[in-house]
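The values are calculated or read from the model by the stated rules, or taken from the named source; none is laboratory data. For clarity, every value in this text was computed on a predicted model and none was experimentally measured. As a convention, Cβ positions derive from the backbone with ideal geometry for all residues, glycine included, and neighbour counts pool all protein chains shown. Heads up: the accessible areas ignore ligands, DNA and RNA and are worked out on the full protein's heavy atoms, side chains in. Shrake-Rupley method; radii C 1.70, N 1.55, O 1.52, S 1.80 Å.
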Amino acid sequence: MNKLYIGNVSAEASEEDFETIFEQWKIPHSGPFLVKTGYAFVDCPDEKAAMKAIDVLSGKVELHGKVLEVEHSVPKRQRSCKLQIRNIPPHMQWEVLDGMLAQYGAVQSCEQVNTDTETAVVNVRYATKDQARLAMEKLNGSMLENYTLKVSYIPDETAAPEGPPAGGRRGFNARGPPRSGSPGLGARPKVQSDIPLRMLVPTQFVGAIIGKEGATIRNITKQTHSKIDIHRKENAGAAEKPITIHSTPEGCSNACKTIMDIMQKEALDTKFTEEIPLKILAHNSFVGRLIGKEGRNLKKIEQETGTKITISPLQDLTLYNPERTITVKGSIEACAKAEEEVMRKVRESYESDMAAMNLQSNLIPGLNLNALGLFPTTAPGMGPSMSNITPPGAHGGCSSFGQGHPESETVHLFIPALAVGAIIGKQGQHIKQLSHFAGASIKIAPAEGMDAKQRMVIIVGPPEAQFKAQCRIFGKLKEENFFGPKEEVKLEAHIKVPAFAAGRVIGKGGKTVNELQNLTCAEVVVPRDQTPDENDQVIVKISGHFFACQLAQRKIQEILAQVRRQQQQQQQQQQLKPTSGPQPPMPRRK
């Protein structure tokens, strides 16, 4: 990944010109410049030097009247699913970036790259080549908060070789495997940790951590190559505020130690005499493995670091706050060492869970299990970081045909009328928390009459939000004893489908709907003689226990997706047909 392509090169440019430019900007290179008509190539000794050349020269340095464009030189067979996105606004929230990237397909990894520039750089891997190509086309040159994004392919050493090219490019031998001097994908350390470091700090120290006009937090971010979110608006009036740090494990640890140093100095300046322990937040599913059998893992960390570590009790957990507080007491240096060991255990647990999850990736087709919260991740859903997310349903409306990313869906779930109070909660708190937790818009429709025995819950959101919201509603009805102790919770859900697609759901002679019922154990009914609504849609009724309902919903959405694709292909074929004006009728021969 250390070979550079230099584009927009003047015909007058020479190897000496490039030598001068690289020497002027103190950019090392490990081989001669290969100058061709309109472009050039050069090798850099390492990735850091290559990134410096791209950051310093590309779009900024002029040679013989032309502004140079510098990017990684990527063989065609390695132009697969990996992109590098540069010039990202420095204080952009990770959640916003994740949402932007997800518009073009399934993002398998997003790693921050350490650079000396103010703006951020990430390496992104998409699930398919088409998704990566679409992201490249849409994002390269686009404006984001007054910054122009620069997107280029980076070598994907795991891409399947397509056979040697017929003769190779002029001046190059046919390319074989990556040179031993170039670090392969597996050899290069992972830059961005999948698990952020989350910590709690006393509210009175938040101002000192941010600094005047944000100067201190900007400095920490720059020095540690990290993204730091201080959740100031959460838990108004609370004695402590959460901080989320996204970086490499080393970057997280450096940022944590710097924040502890700042708090210690502020405590001395303000004559704050109480001890300031380090408080780390970790998902409950990781804590058991952190503690270890009979507490051995935790005791070992305490002994090796000279700290005292306690963990908040299980009773403090709620459905909407699955994090435990790990309190570390000791000197700043000792606490910093303990943080490294604690987070190492947490990351190991996360990686183990992700491996298990990948084995179950086809459990329910069409669902991204990573986004469900079944396994804790950095995606919105790790505690307070969710507050930055607008529930998908808040934008309302029906989903459009032909979109490549998960669409917002509307499901009408029917619950006992007497259960409405339990779902809404005191002063609407439960339904608000549920909406926030699931990332969906959830509303209770008005009763259809005084004696109505059922009420309709309107849930709007993508598949993962539907899963989480419906799962919690099923669970709440069981908890509140609306169903007997040995009785399974079974509810009816309605989804709307285009009238022209209803036949596909039913199938010839009812074959498809019967197969659906046998596969999912749910009852699926498409009432006959329905009058389509104003959007030309009809209702499909699904009844059953939670997993039966979910599987049926996903299978029906799968059928609708096939209909959409066929409709799109037909439209494209129509557009490709040559069009001409109306032809006058040919005169009959007499």
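What number of residues within region 308-324 are buried (at least 20 other Cβ atoms within 10 Å of the Cβ) and under 19 Å from Thr244 (Cβ atoms)? Steps first, answer last, please.
Going through region 308-324, the residues buried (at least 20 other Cβ atoms within 10 Å of the Cβ) turn out to be 309, 323-324.
Next, only the ones that are under 19 Å from Thr244 (Cβ atoms) stay: 323-324.
Within region 308-324, residues that are buried (at least 20 other Cβ atoms within 10 Å of the Cβ) and under 19 Å from Thr244 (Cβ atoms) number 2.
Being in contact with a Ser or Thr (Cβ under 9 Å, 6 or more places away or on another chain), open to solvent by less than 50 Å² (accessible area, probe 1.4 Å) and either modelled with pLDDT of 90 or more or not small (Gly, Ala, Ser) (or both) is the filter here; which residues of region 531-550 pass it? Steps first, answer last, please.
At the first step, the residues of region 531-550 found to be in contact with a Ser or Thr (Cβ under 9 Å, 6 or more places away or on another chain) are 538, 542, 544, 547-550.
Restricting the remaining residues to those that are open to solvent by less than 50 Å² (accessible area, probe 1.4 Å) gives 538, 542, 544, 548-550.
Residues satisfying the conditions are Val538, Ile542, Gly544, Cys549, Gln550.
Do any residues in region 255-272 that are free of Cβ contacts under 8 Å to residues at least 40 places away in the same chain and under 17 Å from Lys227 (Cβ atoms) have Cβ atoms under 8 Å from those of residues that are of a type outside the set (Asp, Glu) and outside any loop (DSSP other than H, G, I, E, B), where the two are at least six apart or on different chains, and which pairs are they?
Correct list of pairs: Thr258/Ile220; Thr258/Gln223; Thr258/Thr224.
Only one of these is out of contact with any strand residue (DSSP E or B) (no Cβ under 7 Å at 6 or more places or on another chain) and either outside any helix (DSSP H, G or I) or at pLDDT 90 or above (or both): Glu488, Glu515. Name it.
Checking each option against the conditions leaves just Glu488.
State the number of residues belonging to region 213-230 that are outside any helix (DSSP H, G or I) and hydroxyl-bearing (Ser, Thr, Tyr).
Residues in region 213-230 being outside any helix (DSSP H, G or I) and hydroxyl-bearing (Ser, Thr, Tyr): 1 in total.
Could you grab me the full set of residues in region 236-255 that are assigned to a loop (DSSP other than H, G, I, E, B) and either exposed (fewer than 14 other Cβ atoms within 10 Å of the Cβ) or basic (Lys, Arg) (or both)?
Hits for region 236-255 are Ala236, Gly237, Ala238, Ala239.
Quick one: Glu348 ticks every box in (1) in contact with a His (Cβ under 8 Å, 6 or more places away or on another chain); (2) open to solvent by 50 Å² or more (accessible area, probe 1.4 Å) bar one, so which box is it?
(1)
Condition first: open to solvent by 50 Å² or more (accessible area, probe 1.4 Å) and in a strand (DSSP E or B). Can you find one or more residues in region 132-148 that meet it? Break it down into steps so the answer makes sense when it comes.
From region 132-148, those open to solvent by 50 Å² or more (accessible area, probe 1.4 Å) are 133-134, 137-138, 140, 143, 145-147; that's our starting set.
Adding the requirement that they be in a strand (DSSP E or B) leaves 143, 147.
Scanning region 132-148 turns up at least one residue that is open to solvent by 50 Å² or more (accessible area, probe 1.4 Å) and in a strand (DSSP E or B).
For region 444-477, how many residues are open to solvent by 70 Å² or more (accessible area, probe 1.4 Å) and of a type outside the set (S, T, N, Q)?
The number of residues fulfilling the criteria is 5.
Somewhere in region 269-290, is a residue surrounded by 15 or more Cβ atoms within 10 Å (Cβ to Cβ), small (Gly, Ala, Ser) and part of a strand (DSSP E or B)?
Among the residues of region 269-290, at least one is surrounded by 15 or more Cβ atoms within 10 Å (Cβ to Cβ), small (Gly, Ala, Ser) and part of a strand (DSSP E or B), which makes the answer yes.
With the condition kept exactly as written, say whether any residue in region 104-121 is crowded, with 19+ Cβ neighbours inside 10 Å, at pLDDT 70 or above, polar (S, T, N, Q) and assigned to a strand (DSSP E or B).
Scanning region 104-121 turns up at least one residue that is crowded, with 19+ Cβ neighbours inside 10 Å, at pLDDT 70 or above, polar (S, T, N, Q) and assigned to a strand (DSSP E or B).
Here is a list of conditions, (1) more than 30 Å from Lys222 (Cα to Cα); (2) at pLDDT 95 or above; (3) in contact with a strand residue (DSSP E or B) (Cβ under 8 Å, 6 or more places away or on another chain); (4) not aromatic (Phe, Trp, Tyr), and Pro322 meets all of them except one; can you say which number that is?
Evaluating Pro322 over (1) more than 30 Å from Lys222 (Cα to Cα); (2) at pLDDT 95 or above; (3) in contact with a strand residue (DSSP E or B) (Cβ under 8 Å, 6 or more places away or on another chain); (4) not aromatic (Phe, Trp, Tyr) leaves (2) as the failure.
May I ask you to verify whether Thr305 is touching a Lys or Arg at 6+ places or on another chain (Cβ under 6 Å) and over 17 Å from Arg347 (Cβ atoms)? Reasoning before the result, please.
Working: touching a Lys or Arg at 6+ places or on another chain (Cβ under 6 Å): yes; over 17 Å from Arg347 (Cβ atoms): yes.
Against the criterion (touching a Lys or Arg at 6+ places or on another chain (Cβ under 6 Å) and over 17 Å from Arg347 (Cβ atoms)), Thr305 qualifies.
Can you pull out the residues in region 518-530 that are at pLDDT 90 or above and open to solvent by 40 Å² or more (accessible area, probe 1.4 Å)?
Selection gives Glu523, Val525.
Given the residues Thr258, Thr203, which is the only one that is open to solvent by 20 Å² or more (accessible area, probe 1.4 Å), of a type in the set (S, T, N, Q) and more than 28 Å from Lys345 (Cβ to Cβ)?
Details: Thr258 fails: more than 28 Å from Lys345 (Cβ to Cβ).
Every option except Thr203 fails the conditions.
Could you check Trp94 against (1) at pLDDT below 75; (2) surrounded by fewer than 20 Cβ atoms within 10 Å (Cβ to Cβ) and say which number it fails?
(2)
So, Gln553, is that one in a helix (DSSP H, G or I) and at pLDDT below 85 or not?
no
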